[in-house]
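One structure is given here, and the rest of the page talks about it.
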Amino acid sequence: MARHIDILSDPEGGIREATAILSQGLPVALPTETVYGLAADATNPKAIARIYETKGRPQFNPLICHMSDLAMAERHAVFDPISRKLAEAFWPGPLTLVLPLKAGSTIHPLATAGLDSVGIRVPKGFAGDLIRAFGRPLAAPSANTSGKISATSADHVEADLGDRIELILDAGSCAVGVESTIVKIEDGEVRLLRPGGLSAEDIERVAGQPLQRKAGATPAIEAPGMLASHYAPGAAVRLDAHNVSSGEALIRFGAPEIEGEKNATIVLDLSASGDLSEAAANLFDFMKRADASGASTIAFSAIPDEGLGEAINDRLRRAAAPRE
């Protein structure tokens, strides 16, 4: 069972304990504004291998490398003018930029899955303070078994990975509740690789151009969260539900009562008022609660595909995808 440190009451103790464990090449679970991350030294191949081992993660899926600030990021990646503009507008925050690796970067190829690019983010609050104290980037995917529901609380991490890691830094529930938005600049255009906690509309406003979304064939994996089946509970997932069958769980979004919902094992409302930010913050916790209800299937009512709804629907489509 992992040790817990409440960083809201003892942030200095959390940083002291975490840096000691990170220096041994071991991962720690830490809170960010998006989801809890499983963090390890991005320059140490043995530490990165521990992340893959702990999560059971495919090694062709790259890891986001988290920095303390833009200055640290510039030591590891090459910024074009649009990427720099986005970084200055949204860092620290829920935006990951996929950038060319800079010559001389100490980020190990295991963290980039052998690509010549790297996903970089500057997180808000404690995570940034920890990276600054540690002095090196942290590779940090979400703190959950690979392909399963992301953790948005220390209790989620404990239930999933508590017997595989030494330390969980506890700051309560994550404010955003879904992973970062990932974009990449190519030929002067902004490509959306993964919707997330920063809306497409906000990015477009700063970039001064529409985001490009790749359609058609399954894209090559350039960033985390691009596997077809991802964020999956144990139960099957059914989308755009207009009725509920016996034995199903229901997760709805500010909708009137759905036919048959009295038959559901549990009924949860992501946001009774129809607030997409509230829905995003509740998404993974509610999926875990529905999964724990014993339902064979989790039915979701329709969610608007705008703003943070784009990120929510992306996660749900991947959760509902066929699994091996």
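The values are calculated or read from the model by the stated rules, or taken from the named source; none is laboratory data. Owing to the predicted nature of the structure, the values given are computational and were not obtained by experimental measurement. A quick note on method: Cβ atoms are made from the backbone with ideal geometry, for glycine too, and the neighbour counts reach across all protein chains shown. The accessibility values were calculated without ligands, DNA or RNA, using every heavy atom of the protein model including side chains. Shrake-Rupley method; radii C 1.70, N 1.55, O 1.52, S 1.80 Å.
The table below gives the values:
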{"item": "Rg to Rh, two decimals, where the range 253-318 supplies the alpha carbon set and Rh follows Kirkwood", "result": "0.94"}
{"item": "Ordering of 202-210, 251-259 by burial proxy (mean other Cβ atoms within 10 Å per residue, highest first)", "result": "251-259, 202-210"}
{"item": "Per residue value of the accessible surface for the chain (all protein chains in place, 1.4 Å probe), Å²", "result": "40 Å²"}
{"item": "Nonlocal amide H pairs with E166, under 5 Å, H built at 1.01 Å", "result": "none"}
{"item": "Max mean-square fluctuation residue, GNM over the chain, Cα-Cα springs under 10 Å, options G188, G196, G37", "result": "G188"}
{"item": "Rounded to 10°, Cα long-axis angle of helix 45-55 versus longest principal axis of the chain", "result": "10 degrees"}
{"item": "q = 0.20 Å⁻¹, the range 1-108: log10 I(q)/I(0) [Debye, one scatterer per Cα]", "result": "-1.25"}
{"item": "Estimated vicinal HN-Hα couplings, Hz - the range 19-34 in sequence order (Karplus 6.51, -1.76, 1.60; Gly, Pro = x)", "result": "5, 5, 6, 4, 5, 8, x, 10, x, 10, 8, 9, x, 10, 5, 8"}
{"item": "Candidate lysines for bridging to K85, where Cα separation is under 22 Å - those fewer than 8 sequence places away on the same chain excluded", "result": "K102, K124, K184"}
{"item": "Computed [θ] at 222 nm, helices only, for the chain once each DSSP H run of length n ≥ 4 contributes -39500 (n - 2.57)", "result": "-8500 deg cm²/dmol"}
{"item": "Whole-Å distance, taken between Cα centres, linking the range 33-85 and the range 143-204", "result": "12 Å"}
{"item": "Accessible surface of the chain [probe 1.4 Å, protein heavy atoms]: carbon and sulfur percent", "result": "49 percent"}
{"item": "The chain - share of DSSP beta bridges that are antiparallel (%, nearest 5)", "result": "40 percent"}
{"item": "Long-range amide H partners of G147 with built H, under 5 Å", "result": "Y231"}
{"item": "Overall Cα dimensions of the chain, principal axis frame, Å, largest first", "result": "60, 47, 37"}
